[in-house]
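Let me begin by presenting the structure, written as structure tokens, before commenting on it.
The values are calculated or read from the model by the stated rules, or taken from the named source; none is laboratory data. What you are looking at is a predicted structure, and each value in this text was computed from that prediction instead of being measured. Glycine also receives a Cβ, built like all others from the backbone with ideal geometry; neighbour counts cover every protein chain displayed. These accessible areas exclude ligands, DNA and RNA; they are computed on the full protein's heavy atoms, side chains included. Shrake-Rupley method; radii C 1.70, N 1.55, O 1.52, S 1.80 Å.
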Amino acid sequence: MSPRSFRPRGRGPAGRGRGLRRYALVPVAVASLAVGATGCDNGASPSAEPAGSSRSAAGSTAPDAPIAPGEPAPTRAATPIASAATSAPATGSGPGRCTAEELTMSLRQGDAGAGQIHYRLTLVNKSSDSCTLTGFPGVSLIRRDGSMIGTPAGREGAAGRATVIAAGGSAEVTLHTLNRGINGSECWDRPDLLRVYPPGSREALTLRTTQPLICGGLFRTTAVSG
């Protein structure tokens, strides 16, 4: 008996057809997976960057991200902060400070006692509005040629409170010195002019006078008072 020829299953026309169909399904399935993955990617939001990334979604450096050595620090947007000086509501203000242009002055000798000499210096508000003086004036004795005699008056007593001077009103300071022969020192030369800077002013008032006569090395002024 002649040997039967052996033909593997699936090698025939029908078997070959089934084999081809089976192999053809593999790329189709792979393609379907790829299409499915692409479809999910298109429908989802962009993936977040890895943790610790120093860049935001817009691509700029995040303000709070760690800075590597040598890397310039990011610029943080400034938040406007209202200044107390500019944002505070305005409050009612009193009269402004008296300027030298608004004032005139006069000087007269006061009472003397126990070797103490006091001169009363009166400042008059010649303007049409009230103004304020606070503290000590600057007082000095001047020669005709403009040079100063001795030193400017020192301060005596407390600074006191603000003094409001109404239009046409006045305020006063007291100039204090000693009588001749007290303290055993000589008197200064008599002045030709008295120069007075109102408190807070860089402009001076000038009065033609030969007073005060400063003796005993004492020359002081009180603060302005009403």
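Things to note:
- Residue in the stretch 178-189 that is under 13 Å from VAL139 (Cα atoms) and out of contact with any Phe, Trp or Tyr (no Cβ under 7 Å at 6 or more places or on another chain) present: no
- Once the stretch 166-186 is narrowed to residues that are over 40 Å from the mean Cα position of the chain (by Cα) and buried (at least 16 other Cβ atoms within 10 Å of the Cβ), the residue that is modelled with the lowest pLDDT is ILE182.
- Scanning the stretch 187-203 for residues that are outside any loop (DSSP other than H, G, I, E, B), open to solvent by 60 Å² or more (accessible area, probe 1.4 Å) and touching a residue at least 60 places away in the same chain (Cβ under 8 Å) turns up just one, TYR197.
- Residue count for the stretch 143-158, restricted to those that are open to solvent by less than 30 Å² (accessible area, probe 1.4 Å) and either more than 13 Å from ILE214 (Cβ to Cβ) or touching a Cys at 6+ places or on another chain (Cβ under 9 Å) (or both): 0
- Selection from the stretch 112-142 of residues that are on the phi < 0 side of the Ramachandran plot and either among the acidic types (Asp, Glu) or open to solvent by 50 Å² or more (accessible area, probe 1.4 Å) (or both): ALA112, GLN116, HIS118, ARG120, LYS126, SER128, ASP129, SER130, THR134
- Residue identified as in a loop (DSSP other than H, G, I, E, B), touching a Cys at 6+ places or on another chain (Cβ under 8 Å) and of a type in the set (A, V, I, L, M) among LEU218, LEU213: LEU213
- Pair list, Cβ under 6 Å, 6 or more apart: the stretch 105-126 residue aromatic (Phe, Trp, Tyr), other residue open to solvent by less than 60 Å² (accessible area, probe 1.4 Å): TYR119/LEU107; TYR119/LEU175; TYR119/PRO212
- Look at (1) buried (at least 17 other Cβ atoms within 10 Å of the Cβ); (2) within 26 Å of GLU101 (Cα to Cα) and you find that THR206 fails only one, number (1).
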